[in-house]
Each structure stands twice: as structure tokens, then as C-alpha cells.
Amino acid sequence: MSDYSGDVVQGGPTAVRELSHLVVRKASVSEQDNNAYLLTCVQTGEQLLVDAADDAPRLLALMNEGTGWLDAVVTTHQHWDHHRALPEVVAHTGARVAAGADDAEALPVPVGELLHHGDRVTFGNITLEVIYLRGHTPGSVALLYRDPDGVPHLFTGDSLFPGGVGNTQGDAERFASLLTDVEQRIFDVLPDETWFYPGHGADSTLGEQRPHLAEWRERGW
């Protein structure tokens, strides 16, 4: 996995990270540089998609870069740019659908798994821990994979990016809620080596971002 950078562009090739038990495939699927992540269980071949954000043909091709079928889709939050391809992907694959309980009603398909903080999402032999991060939307979730042979891997949607937390539209209460959740539920409990994968743009590590937490709180966004 040493050659994985996480840098992808719309229409470009997939970035692939091979772990001992999990393969992570990252693709940019929109002009907004939305990231979609296909996770493949090495042992069973079962797959999970994080955010069917756009461009269903590209996502279905991404699925075929793995094992060719899809077990589940998790939508990280309710914003339209993260689920534009969800109806077509679900109709084509029959995959089960999961999302944060407080965002589920806003999605364009029925949500079979309502996620809460501390829940688990499983596919094949892989378990993802659900972390609620309230503020960008009421039901935003991050997904944590604790690699038994390496560092943790965290899929943060639009709640955490290199350079700050997600947009809270200038709402001080929402910003405080989001940054507090990010601090207490991510930075306070996970090591600096944790690699995180956001809903747009480049990846980063918690260690690279940790020195800036006070700066983020001071600036208010």
C-alpha cells in the first residue's frame, strides 16, 4: 500500500490501497470532486460502497474492478451530492442500504439499516464502526475500520477534511457540535497514524491535522 496517495480526478483511474484483509478503491465521480469508496473483503469478496455520489455507470464499473457484486451501500449524510446515483446503483445491484438514522428520511431510496453512534456495519469478514458526527447534517456518520495488521482507516464523509471540519453554514451551534464530536470521538480516541478518507478531495492523517484543532475552533469554521 506504499504507493497509494489517495489522489484521484473525475474521469481518471481508481486509486487502490491493498490491506491484509480489505481493499480500498477510491474514485472521483463528479465535478464537485465527490469521492466514492469501494471496500472489498479479501477473504469473501463481499463489497461495500461508501457514498453512491454520482455517475452510476462509473460506480458500477468500480464495483467490477473488485469482485463484481455489491453487498451494501452506506450514505454518509443526506446532502444531494452524496446520493445522486443511489437509486440506480441499488436497483442494479440489490444492495442493502444504510445511513445515519437522523438523515435517512431525506434519502431517495428506503433505508434498511438505520445507523446510530456505536453501531457496526459488517460485510464479509469486515466490521466497520459507526461514529456519529453531528453538525454538518444531523445524521452524518463516519466509518472506522480497525486494521488488525496496521493503522486505523476512517471514512469521514463531509464531516472532516484536511484543513477543517465540514461546512455548517455559519451556524455557531452546529459548528461547535461538529468540532466537539470530531475532537471527542475521533482525535481523542484514535492515533495520529489513522488515515482518513473524506467525501471530497485529498486524504490525510489525524497526525497531520491534530496541531490545527485549536486554530479551527478559534476561526469558527
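What follows draws every value from the coordinates through simple rules; no lab data is involved. Just so you know, these numbers come straight off a predicted model, no measurement behind them. Using ideal geometry, Cβ is built from the backbone for each residue, glycine included, and neighbour counts are taken over all protein chains shown.
The length gained on full extension between E129 and H117, counted as 0.36 nm times the residue separation minus their Cα-Cα distance, comes to 3.5 nm. Toward the positive end of the charge dipole of region 104-221, with +1 on the Cβ of Lys and Arg and -1 on the Cβ of Asp and Glu, the farthest Cα among L190, A176, G201 is that of A176. Centre-to-centre separation between the Cα atoms of region 126-146 and those of region 186-217: 14 Å.
For region 133-206, the relative contact order is 34 percent, taking Cα pairs closer than 8 Å that sit 6 or more residues apart in sequence and dividing their mean separation by the residue count.
In region 27-67, taking the dipole from charged Cβ atoms about the Cα centre, the farthest positive-side position among L48, S30, T67 is held by T67. Under the criterion of Cα pairs below 8 Å and six or more residues apart, the relative contact order for region 80-127 equals 29 percent. Can you show me the helix-derived [θ] at 222 nm for the chain, built from DSSP H runs with n ≥ 4 at -39,500 (n - 2.57) apiece and divided by the number of residues, rounded to the nearest 500. Mean residue ellipticity at 222 nm (helix-derived): -5000 deg cm²/dmol.
For region 14-46 versus region 47-68, the spacing of their alpha-carbon centroids is 9 Å. Given +1 at the Cβ of Lys and Arg, -1 at the Cβ of Asp and Glu and no other charges, the dipole of region 83-221 around its Cα centre is 200 debye to the nearest 20. Take every pair of alpha-carbon atoms less than 8 Å apart whose residues are at least six positions apart; their mean separation over the length of the chain yields a relative contact order of 14 percent.
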